[in-house]
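Input: a single structure, listed below in C-alpha cells.
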C-alpha cells in the first residue's frame, strides 16, 4: 500500500508525463501534472499551552529534531496541492485528528502528556520515556498527515484507510527519520500497553483496528524493513 501511495504522491519533474499506470491509479493526478500538484507545504503551528505542565512539551518536541526533520522530508519528497497545517494545541482531551476542512491536523498537548504517563511506570529512565513519547507523537502525526495525503491526491484505498495510513506512517518513519525503525517500535510499544486497557465494548465497531492488531502490524512492517536487525521480533514469539 505504501508503494501505491507514494507512486501517486511523490514529486515528478514538470516535463514528465504521467505513465499509463499512474493514470489508472489516479486520473485527476495525471490530468493536473506533477508540477501543478506541488503548490504548497506542510506547515507546523504550536499554540502555546495554558497549562504550565505542557509548556515544556514544545521544547522537548522540537529540540529532539525528529519532528522538524520529518516535516522537511514531507515537503521535500511529496507533492502538496494545498497547504496542510499541523497544529499542536490544548484540546481538553487526549486526542489527535484530521480535519478535511482546511485541511488541518490537530495534535493535542493532552495526548503527548498522556503518552509520557503511559511509559513512565514501565521505563525507569525519564529521558527514555520522553524519547519514546516523541516517537509515538511522530507516528501519530504521520498517521493523520497520511489522511491528508490520501485526500489531496484522491488515492484509492483497498481495505480500511486507518490501516493504510498506519502502514504509511510506519514507512515514512523507517524511510525518513534517523532511528526511524526504533521510533516506529515506540509506537508499537504504546499500542501494546494500551491493548491491556482495551474494552471490547465499543472497540469492535471503531474505524481503527484494535490496539493489539496495530501493535502486531507495526512490528511486522518494521521487521520486514530490516529482518536481520529485528530477528528478535519473530524469535521471541
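Residues are listed down the side, and each one gets a yes or a no for (1) part of a helix (DSSP H, G or I); (2) within 11 Å of the chain's Cα centre (by Cα):
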{"site": "139", "(1), (2)": "yes, yes"}
{"site": "142", "(1), (2)": "yes, yes"}
{"site": "146", "(1), (2)": "yes, yes"}
{"site": "151", "(1), (2)": "yes, no"}
{"site": "156", "(1), (2)": "no, no"}
{"site": "167", "(1), (2)": "yes, yes"}
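Conditions tested, residue by residue: (1) buried (at least 20 other Cβ atoms within 10 Å of the Cβ); (2) in contact with a helix residue (DSSP H, G or I) (Cβ under 8 Å, 6 or more places away or on another chain); (3) more than 21 Å from residue 47 (Cβ to Cβ).
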{"residue": "86", "(1), (2), (3)": "yes, yes, no"}
{"residue": "97", "(1), (2), (3)": "no, yes, no"}
{"residue": "105", "(1), (2), (3)": "yes, yes, no"}
{"residue": "150", "(1), (2), (3)": "yes, yes, yes"}
{"residue": "177", "(1), (2), (3)": "yes, yes, yes"}
{"residue": "182", "(1), (2), (3)": "no, yes, yes"}
Query raised in the report: Does residue 23 fit the bill of being modelled with pLDDT under 95, more than 17 Å from residue 148 (Cα to Cα) and over 22 Å from the mean Cα position of the chain (by Cα)?
Result: yes
Query raised in the report: Can you pull out the residues in region 36-59 that are within 14 Å of residue 107 (Cβ to Cβ), within 22 Å of the chain's Cα centre (by Cα) and either surrounded by 12 or more Cβ atoms within 10 Å (Cβ to Cβ) or modelled with pLDDT under 65 (or both)?
Result: 42, 43, 44, 46, 47, 54, 57, 58
Report summary line: Of (1) on the phi < 0 side of the Ramachandran plot; (2) without any contact (Cβ under 8 Å) to a residue 60 or more places away in the chain, residue 109 fails just (2)
Query raised in the report: Would a scan of region 60-71 turn up a residue that is modelled with pLDDT of 90 or more and over 24 Å from residue 49 (Cα atoms)?
Result: no
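The values are calculated or read from the model by the stated rules, or taken from the named source; none is laboratory data. These numbers were taken from a predicted model, which means no experiment stands behind them. Please note: Cβ atoms are built from the backbone with ideal geometry, for glycine as well, and neighbour counts cover all protein chains shown.
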